[in-house]
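What follows draws every value from the coordinates through simple rules; no lab data is involved. Model, not experiment: these values are computed from the prediction. Glycine gets a Cβ as well: all are built from the backbone with ideal geometry, and neighbour counts include every protein chain shown.
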């Protein structure tokens, strides 16, 4: 009886750890959705801009420029809209998890969103620290 | 109800979770706003550095008493129809010749008559010394079709188009025959463009580069913040945006990287000793950098001429006839004498 109780307690602890690990994994996955969508839409915009430039090659420089600027602007706005919407939905889900006490999932998602914020601002940070060698 | 209450036992109060959520949301908002502003400014920079106002030539060779004919020829690869003048060389006997042709490449935001460097007058001077001249408007300049300014990357196709035209195109003076030798003269951006083109086209037998830059990147890193009155952190973004929008890779527009492959064809590098005195032009160090790179090739023939008292692209104005004499001696040594009279 005693042995059984110890095994049972160990089993329950192990299950708790596994559930917590699964919760963290799920939270991370959900938290990274906005970044994935941003990368997908933003990543598609660049080859599409090149394609627009190529398609309008014969139409003259200004038509080509308009097409490229239009595709790039729409792509950036679209990726911004998709990103904002995804963030809003993830934050709502995090709130629901917090309400239901699924703190591991909620925290993991919030960490993933924080990492996303860092990655989004990374180009600006890199530009700030990129070594430049301006002519005198 | 009991179950609901027990589920919150041992958890952090919701207020803390809400606070963290708000903190993350704020962080995300700030990062998105900062990066969006950075992107918009970068796009603006890219458009500003690409598009230059085009002005037609202020005069023609006829205004200096020279014969000439208008020509149109396509650039190599992308076939933009470029406008130019073909000025036949005049021998001492008065006979016209097209045996040796100099392709003249103007500078940034200028045209085939470029007043600031004296290109039109120099073209006529060379023609009167027996060299035919092909002077043309680069893409996005003068009367040629609008195009992105790529600081030599795409403009080199125009020089290559000029070479193709001279070798196989419908020349305006058919009686003079095809040129026996082709050489080039370029000023400032035109000189850098000429170096890039000559590095890949052996038909260009000799080049004179007046005030070329060795690498455009340091000049852009200086000029974009200074002329745009913006912090230098936007420069890499602007250059990246130019690559996305126009396909222009400024990180690989460096004549210094290719000039060695011109050897053993002769190169004359000219620059004003007072270039860049206002810190808006090409520092004199560019001449030394280019010369060192050119001389690194086996069999290189490189001459340099640092013109005292001359600012950017002003060597011809300062030296006058001596400048023309120097060019004539250089081209004659490189291309040989004109034999059409014999």
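Miscellaneous remarks
- Between helix B:119-128 and chain B: long-axis angle, C-alpha atoms, 0 to 90°, nearest 10: 30 degrees
- Ranking of A:85, B:104 by count of other Cβ atoms within 10 Å, fewest first: A:85, B:104
- Potential lengthening between residue B:306 and residue B:285 on full extension [0.36 nm per residue; Cα-Cα distance subtracted]: 6.5 nm
- With Cα atoms, 0 to 90° folded angle of helix B:14-50 axis to chain B main axis: 10 degrees
- Centre-to-centre, using Cα atoms only, segment B:255-305 and segment B:62-88 are separated by 28 Å.
- Estimated [θ] at 222 nm from DSSP helical runs (n ≥ 4, -39500 (n - 2.57)) normalised by residues in chain B, nearest 500: -12500 deg cm²/dmol
- Taken over chain A, the ratio of Cα radius of gyration to 2.2 N^0.38 Å equals 1.65.
- Rounded to the nearest 0.05, the FRET efficiency derived from the C-beta distance between residue B:34 and residue B:64 at R0 = 56 Å is 0.50.
- Set against the 2.2 N^0.38 Å expectation for a compact globular protein, segment B:10-112 has a Cα radius of gyration ratio of 2.39.
- Highest-fluctuation residue, B:172, B:218, B:57 considered, GNM on chain B with Cα pairs under 10 Å: B:218
- Computed over the Cα atoms of segment B:238-336, the ratio of the radius of gyration to the Kirkwood radius (Rg/Rh) comes to 1.05.
- By other beta-carbon atoms within 10 Å, ranking B:210, B:164 with the fewest at the front produces B:164, B:210.
- Exposure proxy ranking for B:79, B:312, B:106, B:301, based on other Cβ atoms within 10 angstrom of each Cβ and starting from the fewest, stands as B:79, B:301, B:312, B:106.
- Taking A:90, A:125, A:82 in turn, the Gaussian network model of chain A (Cα-Cα springs below 10 Å) assigns the largest fluctuation to A:125.
- Segment residue A:26-residue A:85, extension gain: residue separation times 0.36 nm, minus the distance between their alpha carbons: 19.3 nm
- Calculated FRET value between residue A:118 and residue B:257, using beta carbons and R₀ = 45 Å, to 0.05: 0.80
- Across every direction, the projection of the convex hull enclosing the Cα atoms of the protein assembly as shown has a mean area of 31.3 nm².
- Per the Debye formula on identical point scatterers at the alpha carbon atoms of segment B:42-82, with no solvent, log10 I(q)/I(0) at q = 0.22 Å⁻¹ is -0.91.
- The modelled label-to-label distance for the pair residue B:296/residue B:173, using points 7 Å beyond Cα in the direction of Cβ, is 4.1 nm.
- Debye-sum result for segment B:72-191 in log10 I(q)/I(0), which assumes one identical scatterer on each alpha carbon, at q = 0.15 Å⁻¹: -0.60
- Dividing the summed helix terms, -39500 (n - 2.57) for each DSSP H run of n ≥ 4, by the number of residues in chain A produces a 222 nm estimate of -32000 deg cm²/dmol to the nearest 500.
- Alpha-carbon Rg/Rh ratio, for chain B, with Rh computed the Kirkwood way: 1.21
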